[in-house]
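Contents: one structure, followed by commentary.
Quick note: the coordinates plus some simple rules give every number you see, no bench work behind them. Nothing here was measured: the structure is a model prediction, and the numbers come from that model. Cβ coordinates were reconstructed from backbone atoms using ideal geometry, including for glycine residues, and neighbour counts include every protein chain displayed.
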There are 2 protein chains.
Amino acid sequence: MNYTFSNKIASLKPSAIREILKAPATKDTISFAAGNPAPESFPVEDMARISASIYESSPISALQYGVTDGYEPLRAEIAKRQKEKFNIGKSIANGDSFDDTTVIVSGGQQGIELACKVFCNEGDAVICENPTFIGALNAFRSNGATPVGVTLEDDGMNIEELEGAIRNTPNAKLIYVIPTFQNPSGITTSYEKRVKIYELAKRYGLMILEDNPYGELRFAGEDIPTIKSMDSDGIVIYCSTFSKILSAGMRVGFVIAPDEVASKMVVSKQTSDVHTNLFFQMLCHRYMTECDIDGHIKDIQAIYRHKCTLMLECLEREMPRAVRFTRPEGGLFIWCTLPDGVDAMSYIKEATARNVRVVPGATFDSDTSVTSQSFRLNFSTPSDGQIIEGIKILGEIAREFGINS
Amino acid sequence: MNYTFSNKIASLKPSAIREILKAPATKDTISFAAGNPAPESFPVEDMARISASIYESSPISALQYGVTDGYEPLRAEIAKRQKEKFNIGKSIANGDSFDDTTVIVSGGQQGIELACKVFCNEGDAVICENPTFIGALNAFRSNGATPVGVTLEDDGMNIEELEGAIRNTPNAKLIYVIPTFQNPSGITTSYEKRVKIYELAKRYGLMILEDNPYGELRFAGEDIPTIKSMDSDGIVIYCSTFSKILSAGMRVGFVIAPDEVASKMVVSKQTSDVHTNLFFQMLCHRYMTECDIDGHIKDIQAIYRHKCTLMLECLEREMPRAVRFTRPEGGLFIWCTLPDGVDAMSYIKEATARNVRVVPGATFDSDTSVTSQSFRLNFSTPSDGQIIEGIKILGEIAREFGINS
């Protein structure tokens with residue numbers, strides 16, 4: 001049977017680079033390729049206790065159909081916490097010019113997908129940092145929208161290039177950004193650039209899709225206000241998640257967006273999956289109201305501070321100085337760049353052959369045809385021993401590839 | 001702020017009819033409008049016990065990210081049961097000409113959405129029964145595909161009309177059918193018509209999307225083979241779910257589709273929600289392998305046999321004979337049709353005013369501009385007392401509307 005798939009899906013092919021990396025893992029494999037939260041970051045005992053209690057007190061409502069916009073007590077609790085801690089969420093009752101609405105989604109990924117579906121026709125474009133999160137790039141493509149990448153500098157997108165991209169892309173509908181501890185780079189966009197991105201979006205009539213899955217995972221430096229907290233015009237859709245705080249596998253995230261936008265996302269979500277797993281929505285609510293979520297997040301920050309510091313120390317010690325890497329203040333990732341002239345794909349293949357996995361930079365490029373000198377390292381999943389051993393191997397290979405200083 | 005939404009989403013408006021029905025419910029409201037499984041059908045004790053055991057034995061793998069196509073042991077168990085009980089699932093190893101693959105989705109709705117996304121470009125069409133499931137109609141529309149309805153008769157679609165629709169709709173990509181205990185009508189497509197639908201799809205090169213959420217809920221008559229069980233050409237995508245057997249709120253369903261189609265649906269699902277809630281996938285697997293799922297389904301059948309029989313008895317007794325209704329052999333719904341000349345919307349509004357809720361037939365029409373003499377009754381959710389009282393009120397109103405025989 002010869003199937004004729006839709007244009008948007010036919011073009012979504014498994015990347016050739018990713019295929020190369022599908023070498024089978026053994027128990028000796030050191031993977032810096034995942035994006036998984038540290039297993040020790042899940043509050044298993046509290047979750048088990050709350051689950052048992054839900055089965056005791058309200059099994060039927062937890063197992064029956066729910067409403068698409070999400071479990072109301074959880075929505076209210078998220079809205080309250082986001083407002084109090086991060087000044088996110090406008091309300092006409094507070095004198096703002098519009099209402100923001102909180103919608104529960106099936107992980108942060110669904111927030112990106114719905115925003116794209118609600119704003120983009122096939123043939124439209126989304127402007128984004130380059131490199132950026134592969135899941136977002138594929139969400140754009142699978143909705144028939146073309147990603148238009150803007151060079152990501154150490155303090156965020158190049159603003160002149162961003163304005164140029166906006167001017168040259170009349171069918172752009174969204175600016176997608178991960179301003180805090182970006183995936184894959186670990187880079188945090190400066191306050192000044194956040195303001196400029198907001199101003200440009202406003203001036204040119206584009207929506208901003210602010211993806212912030214890692215924002216609470218800051219283990220160094222000072223918090224920078226989110227772009228959403230500056231949203232006095234109703235032009236920012238904010239996506240976040242419980243994946244890095246409670247559990248990635250439960251698939252519970254949230255979107256905070258102007259009411260009119262949120263209601264379109266809800267209509268669209270209804271056709272996608274009706275609603276998010278209700279039992280775990282109730283569990284998140286109980287966790288937020290009965291447990292010390294801020295204390296738990298502090299514990300996760302300590303885990304990641306330790307792991308990131310260790311990986312950076314190893315990189316300093318093992319890597320020739322010509323290999324550059326970012327120094328994130330939070331999140332899960334470090335971005336490493338080999339000097340020009342080195343064949344990066346051969347380097348990565350050699351690492352794979354020696355049982356160390358990293359993700360090639362080209363995976364995260366808005367242009368699927370380019371090569372990249374960079375690769376992504378994850379520090380949240382591997383053990384201390386794996387970090388020490390794996391970075392040592394990456395340093396050895398660097399020298400074998402002729403990078404000597 | 002004036003938002004410009006995508007064409008496909010801008011056209012998805014809350015139906016005016018549904019708005020009328022949004023009258024607030026009180027504790028005296030009798031709702032025949034839901035599509036919820038009976039609360040007593042959830043095996044709460046088994047699910048609580050298995051959940052506790054998962055937290056004991058494998059909390060990290062249950063809470064961590066999973067793979068997009070689903071928890072492998074659950075996929076295997078579903079494939080085995082579907083093959084053994086329903087002869088669904090082809091395999092080259094068994095001498096078939098292609099392999100079917102089982103993919104876990106976030107409820108049956110996601111299977112419909114992904115099938116549409118994978119096959120339809122904006123501007124394409126999906127041929128379907130008329131009336132049909134509103135969630136499917138909206139999935140088509142939200143992907144920019146137009147539903148083309150074919151009259152549903154007592155034994156399934158009018159086959160001549162189906163062939164005409166196929167010939168007149170060159171951009172049709174899918175034929176969407178709910179052959180067993182259809183929503184909203186309760187109608188089951190005959191074996192002969194199933195064969196003809198399959199032959200037409202094959203002849204004209206269309207895929208069939210067979211939605212079977214209710215198939216196991218047969219409480220009378222004999223099983224009829226699914227269209228998927230006849231699929232020797234790899235042209236049928238089969239969607240089903242645990243929603244009506246274990247829990248609707250957990251959002252776990254499955255798709256069985258030819259390998260090449262399934263892999264495109266997986267790529268598309270990755271951008272939608274990465275994967276389905278993993279904890280409940282593990283729970284489903286444990287339930288299937290440790291508990292008596294067939295015995296449990298028999299218990300549910302008995303509940304629905306009782307409720308449906310009661311509702312049919314009440315309809316016979318209370319309704320004037322000019323009001324017609326279907327006599328389903330399973331599922332959740334009965335379809336009632338008022339005689340021509342009666343203002344059906346006024347009838348339904350009067351029922352709402354007297355605290356009895358039904359869903360107007362036009363809700364399920366592929367053409368949003370038509371009116372309908374019909375309405376949908378759900379018998380799985382209301383109590384016996386509510387069924388007796390509610391149908392009595394509907395009969396009284398019928399007489400008040402001048403339907404006397």
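Assorted remarks:
- Our summary gives the range A:231-291 a relative contact order of 27 percent, counting only alpha carbon pairs under 8 angstrom and 6 or more residues apart.
- For chain B, built as a Gaussian network whose Cα springs stay under 10 Å, the top-fluctuating residue of B:Ala139, B:Ala220, B:Ala172: B:Ala220
- Adding -39500 (n - 2.57) for every DSSP H run of four residues or longer, then dividing by how many residues chain B holds, sets the calculated 222 nm ellipticity at -13000 deg cm²/dmol.
- Once the Cβ-Cβ distance of A:Glu163 and A:Asp343 is raised to the sixth power relative to R0 = 25 Å, the FRET efficiency obtained is 0.10.
- Label point 7 Å beyond Cα along the C-beta direction, distances from A:Glu316 to other copies (nm, shortest first): 8.5
- Relative to one another, the C-alpha centroids of the range A:168-211 and the range B:296-323 are positioned 57 Å apart.
- Modelled label positions at A:Met1 and A:His306, each set 7 Å beyond Cα in the direction of Cβ, lie 5.3 nm from each other.
- Eligible lysines near B:Lys80 by straight Cα distance, threshold 26 Å, same-chain separation 8 or greater: B:Lys90, B:Lys228, B:Lys244, B:Lys264, B:Lys269, B:Lys298
- R0 of 25 Å, Cβ-Cβ distance A:Ser383-B:Glu56: FRET efficiency to nearest 0.05: 0.60
- Sum of side-chain charges, B:Ile334 neighbourhood, beta-carbon under 11 Å (Lys, Arg +1; Asp, Glu -1): +4
- Top of B:Ala257, B:Ala48, B:Ala34 by mean-square fluctuation, Gaussian network on chain B, Cα under 10 Å: B:Ala48
- Neighbour-count order for A:His275, B:His285, A:His296, fewest beta carbons within 10 angstrom listed first: A:His296, B:His285, A:His275
- Summary value for chain A: 24 percent relative contact order, contacts being C-alpha pairs under 8 angstrom separated by 6+ residues.
- The local environment of B:Thr132, defined by Cβ-Cβ distances under 10 Å, has a net charge of -3 under the rule Lys, Arg +1 and Asp, Glu -1.
- Theoretical FRET efficiency, 1/(1+(r/R0)^6), r = Cβ-Cβ of B:Asp259 and B:Tyr204, R0 22 Å, to 0.05: 0.45
- Surrounding net charge for A:Lys193, when Lys and Arg each add one and Asp and Glu each subtract one, Cβ distance under 9 Å: -1
- DSSP H segments from chain B that extend 30 Å or more along their own axis, Cα-based, with Kyte-Doolittle mean of -0.5 or above: B:293-318
- Of B:Thr189, B:Thr289, B:Thr132, the one that fluctuates the most in a GNM where chain B has Cα springs shorter than 10 Å: B:Thr289
- Inter-copy spacing of A:Thr4 label points, which lie 7 Å from Cα along Cα→Cβ, given in nm from shortest upward: 3.1
- Distance (nanometres) between label positions extended 7 Å along Cα→Cβ at B:Arg354 and A:Ser11: 5.7 nm
- Additional length obtainable on full extension of the chain from B:Lys392 to B:Glu84, 0.36 nm per residue less Cα span: 106.5 nm
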